[in-house]
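The values are calculated or read from the model by the stated rules, or taken from the named source; none is laboratory data. Bear in mind the structure is a predicted one, so any value in this text is a computation, not a measurement. Methodologically, a virtual Cβ is constructed for each residue, glycine included, from the backbone with ideal geometry; neighbour enumeration extends over all protein chains shown. Just so you know, the surface numbers come from the protein's heavy atoms only, side chains and all, with ligands and any DNA or RNA stripped out. Shrake-Rupley method; radii C 1.70, N 1.55, O 1.52, S 1.80 Å.
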Amino acid sequence: AAGVIQSPRHLIKEKRETATLKCYPIPRHDTVYWYQQGPGQDPQFLISFYEKMQSDKGSIPDRFSAQQFSDYHSELNMSSLELGDSALYFCASRREGGMNTEAFFGQGTRLTVV
Amino acid sequence: GDSVTQMEGPVTLSEEAFLTINCTYTATGYPSLFWYVQYPGEGLQLLLKATKADDKGSNKGFEATYRKETTSFHLEKGSVQVSDSAVYFCALSRQGGSEKLVFGKGTKLTVNP
């Protein structure tokens, strides 16, 4: 079965650079969530989209932005990267109103800022 | 705000031992409750869930019962295997699971042969 695809799997950037993380949800899933998991930490919610509109916002820095496109894939754009942005970034998708309402997670993108 | 508190780890057990990882929550209304598992270097996988009081979620020998009176969702397994070694996260979501997940801090389980 198709799963949530995230790319790239690993990314190394220098301080003050920008990064773009991509998420391709499971087909027919219309909702996407982004989470940030620091080393040894629990995942923290960043932002979510439903039908290409932002549906909720968590602890996402102003340096970060995200959007969901017409094909439902989503991108997380991160600018002026800081060392503290080094983390595992997860995308999850779900189908609103579907019988199985849980979110399915991708493998994550590990971002290292040096 | 909503929050999840779970047993601090790490937890180390011998193979075939009984496992309990405690999880309690604070939330308004009736959240859906989840256990996710994260194997080393992997993403989060849903282990089991419960959407209303007294529901029991079960999968791969793991079980958890949604206890509204104690606001708990403890994870149990009767006989753990080495392959169960992972980090386990308790989580909640409101609106039947349609809202964002709020995670506990995670409990690292190591099972020795």
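Please state which one of B:L75, B:L92, B:L109 is in contact (Cβ under 8 Å) with a residue 24 or more places away in the chain, within 15 Å of B:N22 (Cα to Cα) and touching a helix residue (DSSP H, G or I) at 6+ places or on another chain (Cβ under 8 Å).
B:L109
Open to solvent by less than 60 Å² (accessible area, probe 1.4 Å) and free of Cβ contacts under 8 Å to residues at least 24 places away in the same chain: does that describe A:F64?
Here the answer is yes, as A:F64 does meet what is asked.
Suppose we filter A:Q36, A:Q44 for residues that are touching a Leu at 6+ places or on another chain (Cβ under 7 Å) and either more than 26 Å from B:V87 (Cα to Cα) or not basic (K, R) (or both); which single one remains?
So the residue among A:Q36, A:Q44 that is touching a Leu at 6+ places or on another chain (Cβ under 7 Å) and either more than 26 Å from B:V87 (Cα to Cα) or not basic (K, R) (or both) is A:Q36.
Kindly indicate whether any position in region B:49-56 is under 15 Å from B:T107 (Cα atoms), open to solvent by less than 70 Å² (accessible area, probe 1.4 Å) and part of a strand (DSSP E or B).
Checking region B:49-56: not a single residue is under 15 Å from B:T107 (Cα atoms), open to solvent by less than 70 Å² (accessible area, probe 1.4 Å) and part of a strand (DSSP E or B).
Do you know which residues across region B:57-107 are farther than 30 Å from B:T28 by Cβ and of a type in the set (K, R)?
Within region B:57-107, B:K60, B:K77 qualify.
Do we have any residue at all in region B:23-43 that's aliphatic (A, V, I, L, M), more than 23 Å from A:E96 (Cβ to Cβ) and more than 14 Å from chain A (Cβ to nearest Cβ)?
So far as region B:23-43 goes, no, none of its residues is aliphatic (A, V, I, L, M), more than 23 Å from A:E96 (Cβ to Cβ) and more than 14 Å from chain A (Cβ to nearest Cβ).
If A:E96 satisfies every condition in (1) within 14 Å of another protein chain (Cβ to nearest Cβ); (2) within 13 Å of the chain's Cα centre (by Cα); (3) surrounded by fewer than 20 Cβ atoms within 10 Å (Cβ to Cβ) but one, which is the exception?
Single failed check for A:E96: (2).
For region B:44-63, which positions are more than 14 Å from chain A (Cβ to nearest Cβ) and among the hydrophobic types (A, V, I, L, M, F, W, C)?
The answer is B:A53, B:F62.
Pairs under 9 Å by beta carbon, first residue exposed (fewer than 13 other Cβ atoms within 10 Å of the Cβ) in region A:74-85, partner in a loop (DSSP other than H, G, I, E, B), six or more apart or different chains?
A:E82/A:K15; A:E82/A:R16; A:E82/A:P61; A:E82/A:R63; A:L83/A:K15; A:L83/A:V114; A:G84/A:G38
Could you list all residues from region B:16-48 that are out of contact with any Leu (no Cβ under 7 Å at 6 or more places or on another chain), assigned to a loop (DSSP other than H, G, I, E, B) and modelled with pLDDT of 90 or more?
Result: B:E16, B:A17, B:F18, B:N22, B:Y39.
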